[in-house]
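The values are calculated or read from the model by the stated rules, or taken from the named source; none is laboratory data. It should be emphasised that the depicted structure is a prediction, and the values quoted were computed from it without experimental measurement. Ideal geometry is used to build each Cβ from the backbone, glycine not excepted, and the neighbour counts take in all protein chains shown. For accessibility, only protein heavy atoms count, side chains too; no ligands or nucleic acids. Shrake-Rupley method; radii C 1.70, N 1.55, O 1.52, S 1.80 Å.
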Amino acid sequence: MKKQTQEEKAATRTHLQKERILTAAQSCFVEKGFHAASMATIASTAGMSPGLIYRYFKNKNAIILAIIEQQLMVARQRIRKLHSAENLSRRIFDYLDETEPDDDKPMNIALYLEISAQATRDPQIAEALHRYDTTVRSELGDWLRRSREEGGHGLPEGDLSERTLMLLCLIEGLKLRAPRELALNRDLLCKILDELLATLIKTPT
């Protein structure tokens, strides 16, 4: 096994420290809200000194931007799973769970709402979320546009953007409602979702 160089060891340590901080920050933002969660609180939750946390992130905004970038990777991972889903409705309902066995740090719905609210007050975060949304919609659109032989749905360009937006709204809407609908009948909802998806991603004749 090849030994790591000093530079590689340093890069690995930096990555692990950042992941540690991001995990602690997500927990603090969910529990206390963005404004009440101070850098000192995040540092304490991460088990490190406040001074050390500033070595990796200069402020809370930098932490949120890193979380958004991390979540974009998760979203791309989940879109790839849609490509091979035998039952698209079931796959979408799997996303209602906070985690899946091979997911990499999916975003808690409370954190999603907290960051979305902060974006209405902070142009930098708003821009980052816009890039996130644009990328996710683009990759969903690419999948819907792809031919069935290539694992897509063969949708034409015409109203592809609008269909992609509606699919994203459907997925995110279910995610938002799930915590408040504790008695969800998933089998029945999956059946109804099958009918909706049949219309939404139906190839025009």
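Condition first: loosely packed, with under 15 Cβ neighbours inside 10 Å, assigned to a helix (DSSP H, G or I) and among the charged types (D, E, K, R). Now tell me which residues in region 175-205 satisfy that. Across region 175-205, the qualifying residues are Arg177, Arg180, Arg186, Asp187, Lys191, Asp194, Glu195.
Residue under question is Glu172, and the condition is that it be closer than 30 Å to Asn61 by Cα, assigned to a helix (DSSP H, G or I), of a type in the set (Asp, Glu) and modelled with pLDDT of 85 or more; does it hold? The answer is yes for Glu172.
Against the conditions (1) in a loop (DSSP other than H, G, I, E, B); (2) open to solvent by less than 50 Å² (accessible area, probe 1.4 Å); (3) modelled with pLDDT under 90; (4) not charged (D, E, K, R), Thr99 satisfies every one except (2). No other residue among Arg121, Arg131 is charged (D, E, K, R), open to solvent by 40 Å² or more (accessible area, probe 1.4 Å), in a loop (DSSP other than H, G, I, E, B) and within 20 Å of Glu69 (Cα to Cα) apart from Arg121. For region 56-76, taking the residues that are touching a residue at least 12 places away in the same chain (Cβ under 8 Å) and either of a type in the set (Lys, Arg) or not in a helix (DSSP H, G or I) (or both), the one that is least open to solvent (accessible area, probe 1.4 Å) is identified as Phe57.
Looking at region 156-163, is at least one residue touching a Leu at 6+ places or on another chain (Cβ under 7 Å) and either open to solvent by 30 Å² or more (accessible area, probe 1.4 Å) or at negative phi (or both)? Yes - at least one qualifying residue is present in region 156-163.
The condition of being closer than 30 Å to Asp142 by Cα and either under 22 Å from the mean Cα position of the chain (by Cα) or crowded, with 18+ Cβ neighbours inside 10 Å (or both) holds for Ile79.
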